[in-house]
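Have a look at the structure below before the remarks.
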Amino acid sequence: MNIGITCYPTYGGSGIVATELGMELAARGHEIHFITYANPIRLDPGTPRIHYHEVEVSNYPLFQYPPYCLALASRMADVAEAYSLDLLHVHYAVPHSIAAMLAQQLMAPKRRLPFITTLHGTDITLVGADPSYFAITKFSIEKSDGVTAISNYLRQETAKVFGIVSGIRVITNFVNCDLYHPDRDKSGAAAYSPDGEKLLIHLSNFRPVKRALDCIRILAEVRRKTPARLLMVGDGPDRGPAEHLARELQVDRHVLFLGKQNHVERIIPLAHVALVPSEMESFGLVALEAMACGVVPVATRVGGVPEVVTDGEDGYLEAPRDIAAQAARVTALLTDDALHARMAGAGRWNASERFCAEKIIPQYERYYEEVVAGRVGGT
Ligand code: GMT
């Protein structure tokens, strides 16, 4: 198939899922056309059957806000025509779904161009529910030829927020289990922990919803009981405040801020525990990536996370903001090797059995076929 994919190309789970989906589909023989304003961060443009079409937004003094959505819609229609796209698949409803709907209308005099919207979370729970975006987001979801949600939780939220009750297919996020795998001796950890302390890791876009500062608080608690170091991967608004808090709590020598990293699969397996203290997650991709790498997630019991992490079996779930409870779980995992090995093994097993790319990508392929054949109605 010839598939157009649009996503936010920056650091964020929805862009990562879209990029990895595109690369998996290309590996299975599809021609994949990314239509975005920048090269998605984890995309290797040299990959066979991967094409990248940049959306340029021209500016003019009259425009206080350059009309990105319009530029995206016309680029989508151009690419669809030039490369005979069978469908558009957009990740994150706002504004990609609206742009796809316009592209479809631009193409309508020539031929049918179906589009699928994948909902990732804040497009429904925050942005889409904002009164200024509510009606247009609901409209574009309803006009989509297919809609997928990354968890059952998000499908239920979409019903609650938008009253859209049918026609949403749950296709969960996935992980490439060959790329993300355990590193049993963790010898590379010495580069980050010369004294041999076990590593904790946090990866996010450092937005307030991720509660990156809680990771610093958890580390300070854990270090009262056992040595540990923390790797903070990513960047965003809470990075500065987290650095400040580390100095305040006098753990700054034990925290390394690594910034944005393109190959997290090389860093995650070096850690023992992944901290995912988010206020909200519709899925929790980082928890899954950690499990695939044999790193035990200590996460929060929010949104779709319980669909990924089984509490007490392959990770722990605690209430958001409960630093003492999360720190106690981390301490137990760092001080009890048998417990850690058992949970790390269960995580790797569950990640491969339930969320491996080989299991999930065919679900997208079947859905594409249904949508192209017109067998899936609008919502
Ligand atoms: O977290 C966000 O601000 C938006 C979005 C993103 O682009 O990173 O994250 C959502 O999509 C991820 C990938 O599907 C999920 O793993 C995250 O749980 C989800 N974030 C939220 O629901 C807060």
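Only sites in a loop by DSSP and with at most 10 other Cβ atoms within 10 Å count here; which trypsin sites (Lys or Arg not before Pro) in the stretch 242-351 make the cut? Working shown, then result.
Values: sites: Arg247, Arg253, Lys260, Arg266, Arg301, Arg321, Arg329, Arg342, Arg348; in loops: Lys260, Arg301, Arg321.
Answer in residue order: no site qualifies.
Could you tell me whether the stretch 291-336 comes out rounded, prolate or oblate from its Cα gyration tensor? Rule is a ≥ b ≥ c as square roots of the eigenvalues, rounded for a/c under 1.5, then prolate if a/b exceeds b/c, otherwise oblate. Walk me through the numbers before you get to the answer.
Details: a/c = 2.28, a/b = 1.08, b/c = 2.12.
Verdict is oblate for the stretch 291-336.
Just to confirm a number: summing +1 for Lys and Arg and -1 for Asp and Glu over residues other than Arg253 whose beta-carbon lies under 15 angstrom from that of Arg253, what do you get? Display every interim value, and only then the final one.
Values: positive: Arg223, Arg229, Arg247; negative: Asp195, Glu197, Glu243, Glu248, Asp252.
Around Arg253, the surrounding residues sum to -2.
Anyone know which of Asp314, Asp123, Asp336 comes out most mobile in the 10 Å Cα GNM of the chain?
Comparing Asp314, Asp123, Asp336 in the GNM, the peak value goes to Asp336.
Quick one: which residues, 5+ away or cross-chain, put their amide H under 5 Å from the amide H of Lys198? H built at 1.01 Å from N.
Arg229
Past the 32 Å Cα-Cα mark, which pairs from Lys110/Lys359; Lys225/Lys359; Lys186/Lys260?
Details: Lys110/Lys359 36 Å; Lys225/Lys359 41 Å; Lys186/Lys260 21 Å.
Beyond 32 Å: Lys110/Lys359; Lys225/Lys359.
How big is the gap, in Å, between the Cα center of the stretch 301-368 and the Cα center of the stretch 72-123?
The distance from the Cα centre of the stretch 301-368 to that of the stretch 72-123 comes to 34 Å.
Applying the Karplus parametrisation 6.51 cos²θ - 1.76 cosθ + 1.60 with θ = phi - 60° to the phi angles of the stretch 196-211, what ³J(HN,Hα) value in whole Hz is obtained for each residue in order, glycine and proline being reported as x?
x, 5, 5, 9, 9, 9, 10, 10, 5, 8, 6, 7, x, 4, 7, 6
Calculate the FRET efficiency for Asp337 and Ala71 from the Cβ-Cβ distance with a Förster distance of 56 Å, rounded to the nearest 0.05.
On the way: r = 55 Å, r/R0 = 0.98.
The value I calculate is 0.55.
Can you give me the long-range amide H partners of Glu313? Hydrogens built in the peptide plane at 1.01 Å from N, cutoff under 5 Å, separation of 5 or more residues or another chain.
Distant-sequence amide H within range of Glu313: zero hits.
Using every alpha carbon pair in the stretch 189-355, what percent of pairs falls into each 10 Å bin from 0 up to the bin containing the largest distance?
11, 45, 38, 6, 0
Can you put Cys69, Cys7 in order of Cβ neighbours within 10 angstrom, beginning with the fewest?
Working: Cys69 16, Cys7 26.
So the ranking, lowest neighbour count to highest, is Cys69, Cys7.
On average over all directions, what projected area in square nanometres does the chain have, based on the convex hull of its Cα atoms?
19.2 nm²
Can you compute 3J(HN,Hα) from phi for each residue in the stretch 42-57, using the Karplus curve 6.51 cos²θ - 1.76 cosθ + 1.60 with θ = phi - 60°, rounded to whole Hz and x for Gly and Pro?
Karplus values, whole Hz, x for Gly and Pro: 9, 8, 9, x, x, 5, x, 6, 9, 10, 10, 10, 7, 8, 9, 10.
Just grab the label-to-label distance for Ala319 and Asp130, each label 7 Å out from Cα along the Cβ direction, in nm (one decimal).
Between Ala319 and Asp130, the simple spin-label model gives 3.0 nm.
Under 5 Å between amide hydrogens, which residues at least 5 positions from Thr36 or on another chain qualify, with H placed 1.01 Å from N in the peptide plane?
Under 5 Å from the amide H of Thr36 lie the amide H atoms of His53, Val55, each far enough along the sequence or on another chain.
Every read-out reported here was derived from the displayed coordinates using simple, explicitly stated rules and does not represent laboratory data. All of these numbers come straight from a predicted model, not from anything done at the bench. Positions of Cβ are backbone-derived with ideal geometry, glycine not excepted, and every protein chain shown enters the neighbour counts.
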